[in-house]
Amino acid sequence: MAGKTKEMSKIKQMLQLHLDGVSNRKIATQLEMNKETVNRYVKQAESDSMNLSGLLKLDDPVLEHRMSGGSPTYTDERFENFKEKPPYLKKEEGRKHVTLKLLWEEYKAENPERYSLTQFRFHCRQDNLANGQKPSTVLKDTFVGGEKIFIDFAGDTMEYTDMDTGEIVTVQMFVACMLATDYGYALGVPSQRSEDLAYAIASCFRSIGGVPQIIVPDNLKSAVIKTDPYEPEINRIMDDLANHYGCVVLPARPVHPKDKSLVEDHVKLVYQQVYAPLRNERFYSLEELNRAAFSDGLQPLLQSEQDQRKKNRNAWLIKDARFRYQVYIGDLTLDAARGVERDRIMRLATCEYIMKGVPVTITGASGTGKSWLGTALGYQACLSGYKVAYFNMQKLFEHITMARIESSLPKFFDRMAQTDLLILDDFGMNVLDGQQLLDFMEIIEDRHARKSTIMISQLPVADWYDVMKKIPPLQMPFWIELCIRPNVLSF
C-alpha cells in the first residue's frame, strides 16, 4: 500500500465498523481518513484467508504484518539467508560478553550479500516482538560536555615480571570515561590505594587536556570513607585533589550499578582491547605494560572511534547541505586560462574566509563551472566541520514562501543567520522586487560581517543593482569577487 501505514488501533476500528455494516464512505468520515484508503484496507481484509472476526483478535504487530507485509511476489535474498538465524542469534546473545554487533560481524563474514548493522538489529528486534518480548521503556540520558568523569578499577588484574627478583607483580587497571563524548582512559597502577588513585586521576586529566566539573567514583575504599546516598564521607586525599583541581567528588549511589553503567562498559572494552590481545605477552616493568596497553590496545580504538565520528559528522553535514552536485576540491581542473588561479582556490579551501565571515562571489558565463566550483568549496567547508546550506534562488524563495504559510518564517531566518556558509546559486536570473527583495536583504543583513555567503551568478557584480532596483549601491556589502570566464583571467 502506498503511503504511511495507519495505526493498528484505527485499522481495527475500521474493520469493526465494516463488520457492523457501515459503508466505507461513512467509515472514512467517522475516522477522518481518505475514502480510497478505507477501500484499500477493507479490500485487503476481505481477501485475507482469515475472516474479519479473526483479524480483529490478532495482536497489533501480527495484524500490521498481514495488512502491510508487502507483495508476496517480492523476495529478498538477504532475508532468505537471515530467516533461519534468529534462534541461533537469540541463543548466542544470551552468552557472556556476546553482543549483537559481534554476531553481525560473524554474519557479515559468512554472507557477502548481507544486511547492514542497522537492518540486522531491526530484524532481531522484530523477531523479539514476534516472540512476545516487550522492549523496555528507558529515558534517554542527556549529558553535558565536560561536566562529569566516571572512574573505577577493573575487577581483573594484569601482571608483569620484576627483572631484579623474578617476582610476578600484580597490577590494578584504573579506568575512566567522559560521559558526553564517551572518551575512555586506562592506566595500570600498583594498587588501589588512595595515592595510586590520585596519581591515576592526575594522569587522566593530563591525557584529556582538562578537568571536568565532577569526579564520580564508585564507592571505592580509597575514595569514599562512608557510603551514603545523600552525604557520603570522602577520603581526605580525594578532597585535597578536588580542591587542587577546582572540581568536586560525588560518588555513585550505593547499590545502583546503572548509575555507572558507562564506565562499566569501558571496563569491558579494556578487557576486550587490552587484556585479551596482550594475554600471551610478558612484561618486565609497569611502564612497559602501560605503553603496550595504550599503543596496542586503547589508542587504535580511540583513534578509530574519533575517525568514525568525524566521518559520520561530515556525512551528516554534506547531506544536510543538500548540494546539487557531488564534487570535492581535488576534482577541480584549475586552469589559469579560464580565470581560475590555483593559489586563490587553495586559499579559499583553507576556509579562512568562513572564520572571518567574508563573502565570496563567483561570476561568469553559463557553462564555465561556477556551480561546480561553489559546490566544491561547500564540500570543503563540510569536511572542515562547518555547517553549510546550498540553495538556488528559486528554491530559496520557495522555502521562504512555505515557511511563511506554516508560520515558521522567523525560525527559517534564524537558521539562515546561524549557518556558517550559505551558498546561493543562480543569482540574478530574475529581478528581485517587493517581498522577495525584503526577504533576501534580511538574510544578507543578518549574515553581514558575521557569517560567510557565496553568491554564484552569470551577471558581473556591477549589474546586480539592476536586479535589486531599490537598493542603493552604497548599501551593498564588501565581497571577494571571483570571476570565471572561458578564456580571460579577470578579478
Worksheet item: Given D182, D228, D156, which one is in a loop (DSSP other than H, G, I, E, B), among the acidic types (D, E), open to solvent by less than 70 Å² (accessible area, probe 1.4 Å) and under 30 Å from D307 (Cβ atoms)?
Response: D182
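Per-residue answers, yes or no, for (1) among the polar types (S, T, N, Q); (2) in contact with a strand residue (DSSP E or B) (Cβ under 9 Å, 6 or more places away or on another chain); (3) at negative phi; (4) part of a loop (DSSP other than H, G, I, E, B):
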| position | (1), (2), (3), (4) |
| --- | --- |
| Q308 | yes, no, yes, no |
| K311 | no, no, yes, no |
| W316 | no, no, yes, no |
| D320 | no, yes, yes, no |
| D343 | no, no, yes, no |
Practice prompt. Please work out which residue is farthest from the chain's Cα centre (by Cα), limiting yourself to the range 341-360 and to residues that are farther than 18 Å from T419 by Cβ and surrounded by 12 or more Cβ atoms within 10 Å (Cβ to Cβ).
Written response: E341
Worksheet item: Within the range 50-65, can you find the residues that are in a loop (DSSP other than H, G, I, E, B) and modelled with pLDDT of 80 or more?
Response: M50, N51, L58
Worksheet item: Just for the range 367-379: of the residues that are open to solvent by less than 50 Å² (accessible area, probe 1.4 Å) and more than 11 Å from Y325 (Cα to Cα), which one is modelled with the lowest pLDDT?
Response: T368
Worksheet entry | Complete set of residues in the range 390-422 that are in contact with a helix residue (DSSP H, G or I) (Cβ under 6 Å, 6 or more places away or on another chain) and closer than 12 Å to F323 by Cβ | Y390, L421
Worksheet item: Under 7 Å by Cβ, and 6 or more places apart or on different chains, what pairs join a residue from the range 310-324 that is open to solvent by less than 100 Å² (accessible area, probe 1.4 Å) with one that is hydrophobic (A, V, I, L, M, F, W, C)?
Response: N314/C382; N314/L383; L317/C382; L317/V388; I318/C382; A321/C382; A321/V388; A321/A389
Item to complete: Sort out which residues of the range 159-179 are in a loop (DSSP other than H, G, I, E, B) and more than 30 Å from the chain's Cα centre (by Cα), and write them in order of number.
Response: D162, M163, D164, T165, G166, E167
Worksheet entry | V267 vs. criteria within 13 Å of Y185 (Cα to Cα) and modelled with pLDDT of 80 or more | yes
Worksheet entry | Hits in the range 87-120 - residues which are under 25 Å from L58 (Cα atoms) and either modelled with pLDDT of 85 or more or surrounded by fewer than 12 Cβ atoms within 10 Å (Cβ to Cβ) (or both) | P87
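Okay, residues lined up against (1) under 30 Å from F120 (Cα atoms); (2) surrounded by 11 or more Cβ atoms within 10 Å (Cβ to Cβ); (3) at pLDDT below 80; (4) of a type in the set (A, V, I, L, M):
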position	(1), (2), (3), (4)
M14	no, yes, no, yes
N39	no, yes, no, no
V42	no, yes, no, yes
M67	yes, yes, yes, yes
T75	yes, no, yes, no
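Table: residues versus (1) part of a helix (DSSP H, G or I); (2) touching a Lys or Arg at 6+ places or on another chain (Cβ under 7 Å); (3) closer than 23 Å to A198 by Cα.
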{"site": "H244", "(1), (2), (3)": "yes, no, yes"}
{"site": "P251", "(1), (2), (3)": "no, no, yes"}
{"site": "S261", "(1), (2), (3)": "yes, no, yes"}
{"site": "E264", "(1), (2), (3)": "yes, no, yes"}
{"site": "V274", "(1), (2), (3)": "yes, no, yes"}
{"site": "R282", "(1), (2), (3)": "no, no, no"}
{"site": "N290", "(1), (2), (3)": "yes, no, yes"}
Discussion item. Could you check the range 185-201 and list, in sequence order, the residues that are outside any loop (DSSP other than H, G, I, E, B) and either surrounded by 15 or more Cβ atoms within 10 Å (Cβ to Cβ) or under 30 Å from the mean Cα position of the chain (by Cα) (or both)?
Written reply: Y185, A186, L187, G188, V189, S194, D196, L197, A198, Y199, A200, I201
Worksheet entry | All positions within the range 349-390 that are under 23 Å from W464 (Cβ atoms) and among the aromatic types (F, W, Y) | Y353, W372, Y390
Worksheet item: So is R236 basic (K, R), within 23 Å of Q273 (Cβ to Cβ) and open to solvent by 20 Å² or more (accessible area, probe 1.4 Å) or not?
Response: no
Worksheet, complete the sentence: If we ask which residues in the range 449-478 are out of contact with any Gly (no Cβ under 6 Å at 6 or more places or on another chain), open to solvent by 20 Å² or more (accessible area, probe 1.4 Å) and either part of a helix (DSSP H, G or I) or at pLDDT 85 or above (or both), their number turns out to be 9
Worksheet item: For residues in the range 380-417 being part of a loop (DSSP other than H, G, I, E, B) and in contact (Cβ under 8 Å) with a residue 24 or more places away in the chain, which is surrounded by the most Cβ atoms within 10 Å (Cβ to Cβ)?
Response: Y386
Worksheet item: How many of the residues making up the range 399-446 are of a type outside the set (A, V, I, L, M, F, W, C) and within 22 Å of D466 (Cα to Cα)?
Response: 11
Practice prompt. Considering each residue of the range 418-448, count those that are assigned to a loop (DSSP other than H, G, I, E, B) and either at pLDDT 90 or above or at negative phi (or both), and give that number.
Written response: 8
Discussion item. I'm trying to understand the selection: among the residues of the range 202-225, which are of a type in the set (V, I, T) and assigned to a helix (DSSP H, G or I)?
Written reply: I208
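The values are calculated or read from the model by the stated rules, or taken from the named source; none is laboratory data. Note that the structure is a prediction, hence the values are computed from the model and not measured. Positions of Cβ are backbone-derived with ideal geometry, glycine not excepted, and every protein chain shown enters the neighbour counts. Just so you know, the surface numbers come from the protein's heavy atoms only, side chains and all, with ligands and any DNA or RNA stripped out. Shrake-Rupley method; radii C 1.70, N 1.55, O 1.52, S 1.80 Å.
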